[in-house]
1. Restricted to the stretch 210-237, and to residues that are touching a Phe, Trp or Tyr at 6+ places or on another chain (Cβ under 7 Å) and in a helix (DSSP H, G or I), which residue is nearest to residue 261 (Cα to Cα)?
2. Could you name every one of the strands (runs of 3 or more DSSP E) located completely within the stretch 1-74 that has at least 1 residues being touching an Asp or Glu at 6+ places or on another chain (Cβ under 6 Å) and on the phi < 0 side of the Ramachandran plot?
3. Checking residue 218 against (1) within 30 Å of residue 65 (Cβ to Cβ); (2) charged (D, E, K, R); (3) touching a residue at least 24 places away in the same chain (Cβ under 8 Å): exactly one of these is not met. Which one?
4. Tally the residues that are over 21 Å from the mean Cα position of the chain (by Cα), at negative phi and not polar (S, T, N, Q), restricting the search to the stretch 139-174.
5. Give all pairs with beta carbons closer than 6 Å in which a residue from the stretch 1-22 that is closer than 15 Å to residue 329 by Cα meets a residue that is of a type in the set (S, T, N, Q) and in a strand (DSSP E or B); count only pairs at least 6 apart in sequence or on separate chains.
6. Kindly establish whether residue 352 is at positive phi and surrounded by fewer than 18 Cβ atoms within 10 Å (Cβ to Cβ).
7. Give the residues of the stretch 28-46 that are surrounded by fewer than 21 Cβ atoms within 10 Å (Cβ to Cβ) and either touching a helix residue (DSSP H, G or I) at 6+ places or on another chain (Cβ under 6 Å) or farther than 18 Å from residue 75 by Cβ (or both), sorted by residue number.
Amino acid sequence: MMELHILGTASARPTSSRSVSGSVLSTEEGLIVIDAGEGFQVRYLAQRSLMKRNDQTASLRPHRIAAIALTHGHLDHTWGLLPFLQTLALDGRSQPLMIYGPTSQAILDALEAHGFDADAPGNTPSADLINQYRAWFQLGGNSSELGYDVRWILGEPHSNRWVEFNPELSSVHWHEEMPQPEPFKSIRLDALATKHSVPSCAWQITKAARQGVFDRDKATLAGLSEAERRLLAAGTDVETQNGTTLKASSFRGPERRAHSIVISGDTAEQSIHPIGIPTVLVHEATFLEESHSKAEEHLHSTAMGAARTARACGAEHLVLTHFSARIRDASESLNEASTELEGTGIEYANDGDRLQIDVDGNVMFYRRSEDGWKQHNITHH
């Protein structure tokens, strides 16, 4: 099962009820933090505390964090990262941690030509992550000062070029493709290029397809020995004494299909191109349609734009987030987006909401309250 904890749903200006961006995706193989705007460590702690009070302690344990994936360098998406890393150190973390972010081709070219200390091109935006990485290195964001291994990685999703920094040695190491978080075997993390005013990406997390459940009762009724049942369960065909071949596949239920979730940062509409059809698309909806021209100017999306992106992707479900402070009631965004979709589950997120995708790809949404969460049926249009 995958479970997304949405810990911030405001755009750049937080409100009394909405904090800036930051989410945590729990998988059976580890946690992925997607963006960490200011105050992220406080929101993470509050969510975990509420989980513990509701007897759900395992999914947000900090030692299970395998990766932090940044969508871009604007501070409402990144400025809580270093304090969070330092909190993990104070809590005694020892596991390695991978940190990913997007940058430009020009930055990668400079690093390839001149190494770790390469000067950024003159037109590099101040919010490019190369600048923040270097600031964090100076402020203690390195393995020797934190006390656990941190792998700092930047890449460009279009070209799939990725470089890893070693601040202790002032060196860089190049990867032929984006390295995966170390614990991941059946879970895959991919960067999807998006369009914004600085280098940006969305993140797609995919659970691989799995073979169906082994039918033990059928194997027992067939009069098979324990050794034969073990072979079939392991996927090996069995030849019986009378010469009949029993196909292992005939003793399994239907294959459990792959499912995935795509989480966007700031992006213009219809710039996300997922790998396959996403089960869930979590997409920014900064503006209402009356501000469509402003959204285009700043390379953001309206709620209807998010819906058009979901339709183009074939997403089975859409969750709206990243609302401008001018949007007092996110149901307005939901209503606008609904006019663009048919047959797609759609919902808007509040801070602390949870979204689950079970092993069969079924989606459940839980609305947070002060006492916990209540299951909320996703509306289909």
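1. Ranking the qualifying residues of the stretch 210-237, first place goes to 233.
2. By residue number, 2-6, 22-27.
3. (1)
4. 13
5. Filtered contacts from the stretch 1-22: 9/321.
6. No: the conditions fail for residue 352.
7. Result: 28, 29, 30, 41, 45, 46.
Let's see how each residue does on (1) surrounded by 13 or more Cβ atoms within 10 Å (Cβ to Cβ); (2) among the aliphatic types (A, V, I, L, M); (3) part of a helix (DSSP H, G or I):
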position	(1), (2), (3)
95	yes, no, no
99	yes, yes, no
106	yes, yes, yes
110	yes, yes, yes
113	no, yes, yes
116	yes, no, no
123	no, no, no
131	yes, no, yes
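Coordinate-derived values only; no laboratory data. Keep in mind that this is a model prediction, so the values were computed, not measured. Heads up, the Cβs are rebuilt from the backbone with ideal geometry, glycines too, and the neighbour counts pull from every protein chain shown.
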